[in-house]
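To start, the structure itself, in structure tokens.
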Amino acid sequence: MPPKDFLPDDLLRSAPAAAPSRLRIAGGRVLRRDGTLGVADIDLAGGCIAAPAGSPDATVRADGLLVLPGIVDIHGDAFERQMMPRPGVHMPVAIALAETDRQMAANGITTAFHGVTWSWEPGLRGRDSFLAVAAALDAQRGRQGLAVDTRLHLRFETYNIEAVDEAAEWLAAGRIDLLAFNDHTPDICASLGNPTKVQKIADRTGLSAEAVGTLAREVLERRHAVADAVERLAAAARTAGVPMLSHDDDTPDLRAFYRALGCRVSEFPKNFPTARAARDAGDAVVAGAPNVLRGGSHNGGVAAADLVRAGIASVLASDYFYPAPLLAAFRLMREAAMPLGGAWALVSSGPAAAAGLTDRGAIEPGLRGDVIVVDASDPDLPRVAAAFSAGRLIHAARYP
């Protein structure tokens, strides 16, 4: 068992203040880039990982604990529940993002891409909500109000044709970090005969159920113009150098269409043949970490653990539950007999590579100081004892 109060009081008091100029994490079992574990010391200096040198300004004892690269969450939208905790009940966006930030840090997420939907719908996933989240992110990052390196993942509904030019301007201005193409309109229209599903949409839009149906049917009439809109927005993303994802691919042909546009990440493919086609073409394949925890998809899709076992999935994302990446990696170790290195790559180096981030995802001198210390004495409930973002302590948990 780890020693009690192993985190020094001065570090706890200073969090999340500026990091010591050189901090040492000592005695932990460090996950190396090659996937092996070994007891070692590492230093955090100048916001980066460094080889131990000289006398550190502070030391964190990690005896008996795992020292792992911070989790990179390529797709998380659970912040929506902080913005609207009950249907029609809205909370200030700044408060929602701050609470989400604390939850992510406590679960080992040191880089997060908030999946913010910009749809033709009004309400929670409409333009005004997107603008509010983007503005709040800018404001909180500007005053260092967020502990986690939080970025904007634009989930663009492909039928939202009138917004293409404005979204392209956002890409050109460097305000979008990932662009995903969502296509939920046909599914929404197909569900209009289901009162429960329609009411769920009505709750988030603020419309009546009847108005939801009317609007959805009107929007569906734009389908002839969707491909051109997607191509124009993809061209803007290529020019801006922004990685692209296609969401819920359901056929290999659809994946090939997006790949031809420079979109090299397949996010939550709906079936095994589509996922395999993506992998065989060298695309990154994102699966849901909650899917792993639940033992299958909640909506009838392919089981994420099966994609992992087949060597197809290269990324696990939190999707709608921020604790999931940490827990899913350890579950795969137990149930799929995966080594820690392979399981952890799904939540660290894999998503970092898919998002084009070459400065994180491994513990290696010169990389960004995103490191977490994990107590895995109970592999069913691993807990993050400490998390560092760019060398700064952002979360610490005492032991009773």
Kindly list, by first and then second residue, each pair from a residue in region 81-95 that is farther than 16 Å from A132 by Cβ to a residue that is assigned to a helix (DSSP H, G or I) and open to solvent by less than 60 Å² (accessible area, probe 1.4 Å), limited to pairs with Cβ atoms under 8 Å and residues at least 6 apart or on different chains.
-> P87/D203; P87/R204; G88/D203
Say whether the condition of being without any contact (Cβ under 8 Å) to a residue 40 or more places away in the chain and within 30 Å of D319 (Cβ to Cβ) is met by at least one residue in region 43-50.
-> no
Residues of region 76-100 being in contact with a strand residue (DSSP E or B) (Cβ under 8 Å, 6 or more places away or on another chain) and open to solvent by 10 Å² or more (accessible area, probe 1.4 Å), which ones?
-> D77
Residue pairs meeting the criteria (Cβ under 6 Å; at least 6 apart or on separate chains; first modelled with pLDDT of 95 or more, in region 275-293; second open to solvent by 10 Å² or more (accessible area, probe 1.4 Å) and aromatic (F, W, Y)) = P290/F321
Given (1) without any contact (Cβ under 8 Å) to a residue 12 or more places away in the chain; (2) crowded, with 17+ Cβ neighbours inside 10 Å, R259 misses just (1)
Please determine, by comparing only the residues of region 275-299 that are closer than 16 Å to T251 by Cβ and not acidic (D, E), which one is most open to solvent (accessible area, probe 1.4 Å).
-> R276
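So, S348, is that one touching a residue at least 24 places away in the same chain (Cβ under 8 Å) and closer than 26 Å to S377 by Cα or not?
Considered against the rule, which asks whether it is touching a residue at least 24 places away in the same chain (Cβ under 8 Å) and closer than 26 Å to S377 by Cα, S348 comes out as yes.
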Can you spot a residue in region 239-250 that is under 21 Å from R309 (Cβ atoms), surrounded by 15 or more Cβ atoms within 10 Å (Cβ to Cβ) and at pLDDT 95 or above?
-> yes
Go through region 192-206 and give me each residue that's within 28 Å of the chain's Cα centre (by Cα), free of Cβ contacts under 8 Å to residues at least 40 places away in the same chain and open to solvent by less than 60 Å² (accessible area, probe 1.4 Å).
-> V198, A202
Quick one: would you say F257 is at positive phi and at pLDDT 95 or above?
-> no
Report the residue count in region 121-144 for those that are within 24 Å of A163 (Cα to Cα) and open to solvent by 30 Å² or more (accessible area, probe 1.4 Å).
-> 10
Here are F130, F113: which of them is within 24 Å of A234 (Cβ to Cβ), out of contact with any Phe, Trp or Tyr (no Cβ under 8 Å at 6 or more places or on another chain), at pLDDT 90 or above and among the hydrophobic types (A, V, I, L, M, F, W, C)?
-> F113
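Table: residues versus (1) of a type in the set (A, V, I, L, M); (2) in contact (Cβ under 8 Å) with a residue 24 or more places away in the chain; (3) open to solvent by 10 Å² or more (accessible area, probe 1.4 Å).
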{"residue": "V302", "(1), (2), (3)": "yes, yes, yes"}
{"residue": "A317", "(1), (2), (3)": "yes, yes, no"}
{"residue": "E335", "(1), (2), (3)": "no, yes, yes"}
{"residue": "W344", "(1), (2), (3)": "no, yes, no"}
{"residue": "E364", "(1), (2), (3)": "no, yes, yes"}
Given the residues A275, A305, A328, A317, which is the only one that is more than 27 Å from E80 (Cα to Cα) and small (G, A, S)?
-> A275
Per the list (1) charged (D, E, K, R); (2) in contact (Cβ under 8 Å) with a residue 24 or more places away in the chain; (3) surrounded by fewer than 24 Cβ atoms within 10 Å (Cβ to Cβ), residue check on D253 breaks on (2)
Has region 202-212 got any residue that is under 26 Å from A227 (Cα atoms) and in contact with a Leu (Cβ under 9 Å, 6 or more places away or on another chain)?
-> yes
For R151, indicate whether it is touching an Asp or Glu at 6+ places or on another chain (Cβ under 6 Å), in contact (Cβ under 8 Å) with a residue 24 or more places away in the chain and not aliphatic (A, V, I, L, M).
-> yes
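The values are calculated or read from the model by the stated rules, or taken from the named source; none is laboratory data. Worth saying up front: this structure is predicted, and the values here are computed from it rather than measured. Note that we place each Cβ from the backbone using ideal geometry, even for glycine, and neighbour counts take in every protein chain shown. The area values use the complete protein model at the heavy-atom level, side chains included, leaving out ligands, DNA and RNA. Shrake-Rupley method; radii C 1.70, N 1.55, O 1.52, S 1.80 Å.
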